[in-house]
Every structure is written in C-alpha cells, then in structure tokens.
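The values are calculated or read from the model by the stated rules, or taken from the named source; none is laboratory data. Note that the structure is predicted; figures quoted are calculated from it, not measured. So basically every Cβ, Gly included, is an ideal-geometry build from the backbone, and we count neighbours across all protein chains shown.
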Amino acid sequence: ALHEVPDVSVPRNVRVNTLKLDVDSALVELRKKYSVQKDDLLHDLLILPPGTDLHDHPLVKNGSIFLQGKASSMVAPALSPEPGWEVLDACAAPGNKTVHLAALMKRKGRIIACELKKERIKRLNDTIKLSGATNIQVLNEDFLNINSKDPAYSKVKAILLDPSCSGSGTAASRLDHLLPSKAAGQNVDMERLNKLAAFQRKALQHAFLFPALERVVYSTCSINQIENEDVVKSVLPIAESYGFQLVKPFPGWPCRGLPIFEGSENLVRTDPAKHGEGFFIALFAKKDDVNLSAR
Ligand code: SAM
C-alpha cells in the first residue's frame, strides 16, 4: 500500500525483472518517456524522477519491471543466493523479494515461499505468476512450525527472513506521524513493538536450525532499534554456536547499524529522509562461506 502515499521528495525506483527483460532494454523503453538513470549499487535498479507514476505502464503490467524501492531491492542481493541453491523465503507475501531471489538465481535451483496468512497467498501467487518464475513453491504455513529436520528442507542453503514489523520506516508510516492526532509519539505502542520483536527473535533463531544453511538475511522496514539491532544482538550467541557470523553486505554503504554492540557496523540501515524508506538488513554467514567473503 506504500505507493498510495506518493512521496514527491525522493526519486522513484523500479527494479527490472531480469527474468523477463534485460536492464538495458528496460532503460531504452523507459527513456522514451522519462529521464532514467542506473543505480550505482544495484545492477537491476533504475532511478526515475520523484513523483513519476508508473502504475499503469505496460512494463509494470506485464511484470518486466516492479515498483520496488531501493532499500527493499537491497535485501535479496545482500543474501545473493547462488544459482542452483535451495532458498527459503520465510515470510514471503506479497512476494517482491521472493521473485527478486528468483531473478538473481537465474531460474536455477528452488525457492520455497512460506506465508502464514491464507488471505495473502493469492497476492503471493499473483506476484510469482507476473514475474515469470517457475521454480517457486508456495507454502501456506507458519515458518516457526516448519520442521528444520524434515528431509524436504535438508538442502536449504539460504533463508530470507523479512518478518512482520512495525513498518515505522515506510513512507506511509512517516506521513502518519505528521497527523496532529498521532504526533508526539502517541502512536508508539510499546506492547505491540515488544510482541513484534519477540516474534522476530524467535523466527531468526528458528532459521539457524536448518542443517545445510550457509546464509541468512534478516530485514525489516522499521527504524526501531528494538526490532533491528536488539534482535540481532540477542540472537548472536545462538548464531555463533551454529558457526555463523555477521558479514558486511554493501561495504561501501555509509549508513550502518546503531553502534550498540561490537560488529554492528556490519548491519545496513537506510535513512528514510535520504533513501525514501527506513530499512534494516543483517546478513549472517557460515564462517567458512568463502564465496561470500571474497565479494
Ligand atoms: N518479503 C515480502 C516482500 O518483500 O514482498 C514482505 C513480507 S511482510 C514484511 C511479512 C509477511 O510475513 C506477511 O505477509 C505476514 O503475513 C507473514 N508472516 C507473519 N508471521 C509469519 C509466520 N509465522 N510464518 C510465515 N509468515 C508469516
């Protein structure tokens, strides 16, 4: 629902769905009408002027490009699953990151898209269909109930965990704060935040139980420390006991985690004012994940 609140101050981003169209062709097509630049960090992201409305554009309608912000488009590349891997998207609907994973994996391997809420499965299926991906299996299940020892998951090498969060970093939520009735922090509901954080912690801990796991990415569209750095800090000992450590995705990215523990510079934050949305990304990898440390 983010696009219903147009933020005219930050550039629009579109992610080219490389399953359907290559980036240069998208550039040529979009430049017929708009001034378009390539993003300098993400090879599949294009930048359009603030306020550009592409909802009815044919390339959007046919799934060649997705209206996806930069922060959200950084999550799958942070995980950078290799083509051929088995990957689990733990909290998948509406599926923007699921189909981004599929594009990065170049149709090779298998993606399991897990979503708890039955009413969100249709939207997830629609996204997958629109993307053209054919190697995604949808699972209507509670991620916490997935038995990591079930042979069906014995080859899962990467997990993308983008759980329910407060959404406090989104454009919609930030505009909400400007409403007089919600000013002065009255909408910060600590009980709700504590519940969300408890789930986020549980889900992240659950991810480490998968036997063939090499990488986990944890992301939120929240700016709250309690859902971000605090969650990561609290699971670090467990992660380490399974042989995982925090790794630094996008090393040149200036905006990092709040300095509340040693290693928080590995975390990625995006600044709502600068990047349109406030996201948080943490990447854990097995200590011997050589391919990743060579990036
Ligand atoms: N990654 C998605 C994307 O980029 O399009 C957005 C995910 S959204 C932030 C979180 C999703 O997790 C919601 O659809 C929610 O219904 C689902 N969810 C919440 N609890 C869950 C659970 N225990 N198991 C699986 N999915 C869950």
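Scanning region 112-135 for residues that are over 21 Å from Phe279 (Cβ atoms) and among the aliphatic types (A, V, I, L, M) yields Ile112, Leu116, Ile121, Ile128, Leu130, Ala133. Just so you know, in region 209-256 the residues that are within 15 Å of the ligand (Cβ to nearest atom) and free of Cβ contacts under 8 Å to residues at least 60 places away in the same chain include one that is nearest to Ser164 (Cα to Cα), and it is Ser222. Evaluated against (1) of a type in the set (A, V, I, L, M); (2) surrounded by 23 or more Cβ atoms within 10 Å (Cβ to Cβ); (3) under 28 Å from Asp189 (Cα atoms), Leu144 falls short on exactly one condition, (2).
Taken over region 237-295, residues that are closer than 13 Å to Glu214 by Cα and among the polar types (S, T, N, Q) amount to 3.
Entry remark, region 104-121: residues being surrounded by fewer than 15 Cβ atoms within 10 Å (Cβ to Cβ) and away from the ligand (no atom under 12 Å from the Cβ) number 3 in total.
Residue pairs whose Cβ atoms lie under 8 Å apart, separated by 6 or more positions or on different chains, with the first residue in region 276-295 and of a type in the set (Lys, Arg) and the second crowded, with 24+ Cβ neighbours inside 10 Å and modelled with pLDDT of 85 or more, are Lys286/Arg215.
Condition check: modelled with pLDDT under 95 and either in the same structural domain as Leu116 (by TED's automatic domain parsing) or away from the ligand (no atom under 16 Å from the Cβ) (or both). Does Gln200 satisfy that? No, not satisfied.
Being closer than 26 Å to Lys106 by Cβ and over 18 Å from the mean Cα position of the chain (by Cα) is the filter; apply it to region 134-145 and report the residue that is nearest to the ligand (Cβ to nearest atom). The extreme case among them is Leu139. A count restricted to region 126-145 and to residues that are free of Cβ contacts under 8 Å to residues at least 60 places away in the same chain and under 25 Å from His206 (Cα atoms) stands at 9. Filtered by the rule that a residue be of a type in the set (S, T, N, Q) and either assigned to a helix (DSSP H, G or I) or touching a Leu at 6+ places or on another chain (Cβ under 8 Å) (or both), region 223-266 gives Asn224, Gln225, Asn228, Ser234, Ser241, Ser264, Asn266. Restricting the first member to region 43-67 and to residues that are more than 15 Å from Asp22 (Cα to Cα) and not assigned by TED's automatic domain parsing to the domain that holds Leu130, and the second to residues that are assigned to a helix (DSSP H, G or I) and modelled with pLDDT of 95 or more, the beta-carbon pairs closer than 6 Å and six or more apart or on different chains are Leu54/Val60. Quick one: would you say Lys122 is charged (D, E, K, R) and not in a loop (DSSP other than H, G, I, E, B)? Taking the combined requirement at face value, the residue satisfies it. Inspect all residues belonging to region 74-90 and state whether any of them is more than 17 Å from Arg215 (Cβ to Cβ), assigned by TED's automatic domain parsing to the domain that holds Tyr218, assigned to a loop (DSSP other than H, G, I, E, B) and not basic (Lys, Arg). Looking through region 74-90, none of the residues is more than 17 Å from Arg215 (Cβ to Cβ), assigned by TED's automatic domain parsing to the domain that holds Tyr218, assigned to a loop (DSSP other than H, G, I, E, B) and not basic (Lys, Arg). Just to be sure before I move on: is Gly51 within 15 Å of the ligand (Cβ to nearest atom) and within 23 Å of Leu30 (Cβ to Cβ) in the structure I sent? No, not satisfied.
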